[in-house]
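Working notes, beginning with the structure itself.
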Protein chains: 2
Amino acid sequence: MPPLKYGPDGLIPAIVQDAASKRVLMMAWMNETSLQMTLQTARMHYWSRSRKQLWSKGETSGHVQRVVRFAIDCDADTLLFEVEQTGGACHTGYASCFFQTFTPDGTALAINEAKVFDPETKYAR
Amino acid sequence: MPPLKYGPDGLIPAIVQDAASKRVLMMAWMNETSLQMTLQTARMHYWSRSRKQLWSKGETSGHVQRVVRFAIDCDADTLLFEVEQTGGACHTGYASCFFQTFTPDGTALAINEAKVFDPETKYAR
């Protein structure tokens with residue numbers, strides 16, 4: 001692997017895409033440790049900027065992301081992971097965090113999909 | 001549109017995906033002005049962190065990106081644009097900036113595609 005260009009905060013953005021449908025599921029941040037954990041386990045691990053801690057996707061919800069393959073971009077400053085997602089990627093219950101879409105001029109479109117899980121029961125307590 | 005959460009540098013990441021193939025093409029940064037320009041023209045505009053200036057995709061190469069639709073994620077801190085890409089998105093000549101892929105443990109895979117344009121002639125002088 002080429003050396004990666006982490007930002008001044010030591011983080012690199014990781015785009016996550018469903019390996020089968022190619023839908024973009026989420027974007028989160030990795031530091032060097034979370035990337036190492038991801039490569040070692042083939043399960044997505046991130047760095048939470050708000051909680052300032054390592055987290056693994058699914059640790060609370062069970063909605064883990066198994067890595068199928070990944071790519072590093074031409075500038076080595078962005079990662080793209082293709083994953084198999086258990087349940088939904090979004091804490092709101094939707095399959096993808098990008099469920100709210102807009103026309104090119106910024107008009108909101110109706111959300112045309114159902115939640116894949118109930119966040120109330122999933123994240124309660 | 002909901003209010004967006006720009007970072008402390010006034011920027012928000014914009015993931016760009018081919019509207020037809022769903023391939024992720026690139027990730028770049030927008031400030032408020034570049035987003036406004038994008039919405040007004042339906043052509044992708046970004047903020048260059050290295051050159052510290054607004055740029056429109058294709059201004060040098062002709063490889064413009066027409067916006068088909070876009071999404072704002074659940075945290076309102078990441079944008080996802082689906083576009084029609086003229087030519088290739090990557091300055092190296094590949095269709096996508098994510099042309100170098102790896103197995104889940106970080107082993108590089110052979111690049112299994114040809115460049116869609118010659119960057120030497122495209123960006124020369």
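The values are calculated or read from the model by the stated rules, or taken from the named source; none is laboratory data. Just so it is clear, the model here is predicted, and its values are computed rather than measured. Counting neighbours? That spans all protein chains shown, and the Cβs are built from the backbone with ideal geometry, glycine included. With ligands, DNA and RNA removed, areas are computed over all heavy atoms of the protein, side chains included. Shrake-Rupley method; radii C 1.70, N 1.55, O 1.52, S 1.80 Å.
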Residue match in region B:66-75 (condition: more than 9 Å from chain A (Cβ to nearest Cβ) and not aliphatic (A, V, I, L, M)): no
Region A:108-125: number of residues that are part of a loop (DSSP other than H, G, I, E, B) and either under 22 Å from A:ASP18 (Cα atoms) or in contact (Cβ under 8 Å) with a residue 24 or more places away in the chain (or both): 9
Matching residues in region B:38-55 - criterion: being assigned to a loop (DSSP other than H, G, I, E, B), more than 10 Å from chain A (Cβ to nearest Cβ) and either open to solvent by 30 Å² or more (accessible area, probe 1.4 Å) or touching a residue at least 60 places away in the same chain (Cβ under 8 Å) (or both): B:ARG51, B:LYS52
The one condition in (1) in contact with a Ser or Thr (Cβ under 8 Å, 6 or more places away or on another chain); (2) charged (D, E, K, R); (3) modelled with pLDDT of 95 or more that B:LYS122 fails to fulfil: (3)
Candidate set: region A:1-37, residues that are outside any strand (DSSP E or B) and touching a Leu at 6+ places or on another chain (Cβ under 9 Å); chosen: the one nearest to the other protein chains (Cβ to nearest Cβ): A:MET1
Residues of region A:57-76 satisfying the condition of being under 13 Å from B:GLN100 (Cβ atoms) and in contact with a Gly (Cβ under 9 Å, 6 or more places away or on another chain): A:PHE70
Subset of region A:92-125 (residues that are within 13 Å of the chain's Cα centre (by Cα) and at the interface with chain B (Cβ under 7 Å from one of its Cβ atoms)): A:CYS97, A:PHE98
